[in-house]
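The values are calculated or read from the model by the stated rules, or taken from the named source; none is laboratory data. Owing to the predicted nature of the structure, the values given are computational and were not obtained by experimental measurement. Counting neighbours? That spans all protein chains shown, and the Cβs are built from the backbone with ideal geometry, glycine included. We work out accessible area using only protein heavy atoms, side chains counted, and drop any ligands, DNA or RNA first. Shrake-Rupley method; radii C 1.70, N 1.55, O 1.52, S 1.80 Å.
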Amino acid sequence: YSPGDTTVFLASGTYGEYVRVKEGRCALVPTESTATPTELSALRISALTALVALQRTCPVTSDDTVLITACCGGTGHFAVQVAKAAGSIVIGTVGSTTKVGYATDLGVDRVIDLSKEELGDVLKKEYPQGIDIVYDGVGGPLLGAAFENLNEGGRILVVGSISQYPHNQKEEVRPHNIEGLGDIMDIFRSGQTVELEKSKKIIGNIWGDIFRSADMGVYRDRVFELNSKGKLQVLLDPEKVFVGIESVCDAVDHMLSRNSIGKVCVQMSDK
């Protein structure tokens, strides 16, 4: 690297205004990029997750019908764009009417507003042919409904399970009710792949073997290139801006509130 280059890194020390980082931990941002530091952070983490999951681990095609839960979330909004770029039919869930417009703008073909509709009912009525791929970060009953409407040989990519996280009240945590499947968080943490009836698969490790290959740099660079060309946009929460280390806890609370839109980020300094 040369003085003046813009790089993005993923390592400890990100809560500091300045940090010393090994060269190998950095990724060079294209000179033509106009992305802000906040947008670059979102691309490096959440966009890369979606790109690897839907182009490498479970490549989507124009023949696929793809369901993305929390499609206006931090990684969900990137998954929508990756799937649409591949020509897939994209169904996306949102938790409130406020988010419907954002999902539509992202290109979602059918937005399911869970404050007014039941996922299972919509899928059975409007998509009787079934779903091929699911990109799920919610878990619980949504995961169950997705599995019930999954095609033979279909795959569910687990990128989280926010409905099961410890911040939820005990009475709010509802099971997925998928026969033969244990705690989804155990599957997610251990990175298991579980095959169930009709060759349906639950994939807990969306990264596959990429960390043991030379592909990580390829996909990381592709994320920045797509963004620079306007083919992968970043949706940042339009209502909440968090600045300084003292705002970190508030940012996490906002993210877990299910009211956030897009990626929630903390800017360490306003300089």
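General remarks:
- Amide H contacts for VAL90 (H built 1.01 Å from N in the peptide plane; partners 5 or more residues away or on another chain; cut-off under 5 Å): VAL66, ASP109, ARG110.
- Counting 0.36 nm for each residue step from ASP253 to GLN267 and taking away their Cα separation leaves a gain of 3.5 nm.
- Net charge dipole, the chain: roughly 480 debye, given to the nearest 20, about the Cα centre with Cβ charges of +1 for Lys and Arg and -1 for Asp and Glu.
- Prolate/oblate/rounded call for region 85-132, Cα gyration tensor, a/c under 1.5 rounded: oblate
- Relative contact order (percent, whole number), region 143-249, Cα cutoff 8 Å, 6+ residue spacing: 25 percent
- Rounded if a/c under 1.5, otherwise prolate or oblate - region 161-225, Cα gyration tensor axes: oblate
- Taking trypsin sites (Lys or Arg not before Pro) across region 89-145, the ones in a DSSP loop with at most 11 further Cβ atoms lying within 10 angstrom of their Cβ are LYS116.
- Net charge over other residues, Cβ less than 12 angstrom from the Cβ of LYS231 (K, R count +1; D, E count -1): +2
- For GLU246, neighbours were defined as the other residues whose beta-carbon sits under 15 Å from its Cβ, and their charges (Lys and Arg +1, Asp and Glu -1) total -3.
- The chain - share of DSSP beta bridges that are antiparallel (%, nearest 5): 20 percent
- Candidates THR93, THR57, THR104, ranked by Gaussian network fluctuation over the chain, Cα under 10 Å, top entry: THR104
- Averaging the Cα positions of each part gives two centres, and for region 60-129 and region 29-47 these lie 24 Å apart.
- Computed from point charges on the beta carbon alone (+1 for Lys and Arg, -1 for Asp and Glu), the dipole magnitude for region 230-271 about its Cα centre is near 280 Debye.
- Amide H contacts under 5 Å for LEU150, placed H, 5+ residues apart: ILE131
- Rounded to the nearest 20, the size of the Cβ-charge dipole of region 115-271 about its Cα centre is 420 debye, with Lys and Arg at +1 and Asp and Glu at -1.
- Burial order of peptide ranges 244-251, 216-223, 40-47 (average beta-carbon count within 10 Å, highest first): 40-47, 216-223, 244-251
- Take every Cα pair under 8 Å whose residues are at least 6 apart in sequence, average their separation, divide by the length of the chain, and the relative contact order is 19 percent.
- Sparse packing (at most 14 other Cβ atoms within 10 Å of the Cβ) combined with a DSSP loop state is found for the following GluC sites (Glu not before Pro) in region 104-184: GLU117, GLU118, GLU179.
- Taking amide H as placed 1.01 Å from N in the peptide plane, the amide H of LEU236 sits under 5 Å from that of LYS263, each at least 5 places away or on another chain.
- For region 1-110, the set of chymotrypsin sites (Phe, Trp or Tyr not before Pro) satisfying both a DSSP loop assignment and a count of at most 14 other C-beta atoms within 10 Å is given as TYR1, TYR15, TYR18.
- For region 1-54, relative contact order (Cα pairs under 8 Å, six or more residues apart, normalised by length) works out to 40 percent.
- Where GLU197, GLU239, GLU17 fall by accessible area, highest first, once all protein chains stay in place (1.4 Å): GLU239, GLU17, GLU197
- Summed over qualifying helices (DSSP H, 4 residues or more, each -39500 (n - 2.57)) and divided by its residue number, the chain shows a 222 nm mean residue ellipticity of -7500 deg cm²/dmol.
- Pairs from the list LYS22/LYS200; LYS200/LYS229; LYS84/LYS200; LYS229/LYS263; LYS124/LYS231; LYS116/LYS229 with a Cα-Cα gap above 30 Å: LYS22/LYS200; LYS200/LYS229; LYS124/LYS231; LYS116/LYS229.
- Cα gyration tensor shape for region 1-100, rounded if a/c is under 1.5, else prolate or oblate: prolate
- Listed residues THR36, THR61, THR98, most fluctuating in the chain (Gaussian network, C-alpha, under 10 Å): THR36
- Annotation: the chain has a Kirkwood hydrodynamic radius of 19.3 angstrom, from the mean reciprocal C-alpha pair distance.
- Estimated vicinal HN-Hα couplings, Hz - region 194-211 in sequence order (Karplus 6.51, -1.76, 1.60; Gly, Pro = x): 10, 9, 10, 4, 6, 6, 6, 10, 10, 9, x, 10, 6, 7, x, 9, 4, 6
- Springs join every pair of Cα atoms under 10 Å in this Gaussian network model of the chain, and among ASP113, ASP215, ASP132 the largest mean-square fluctuation is at ASP215.
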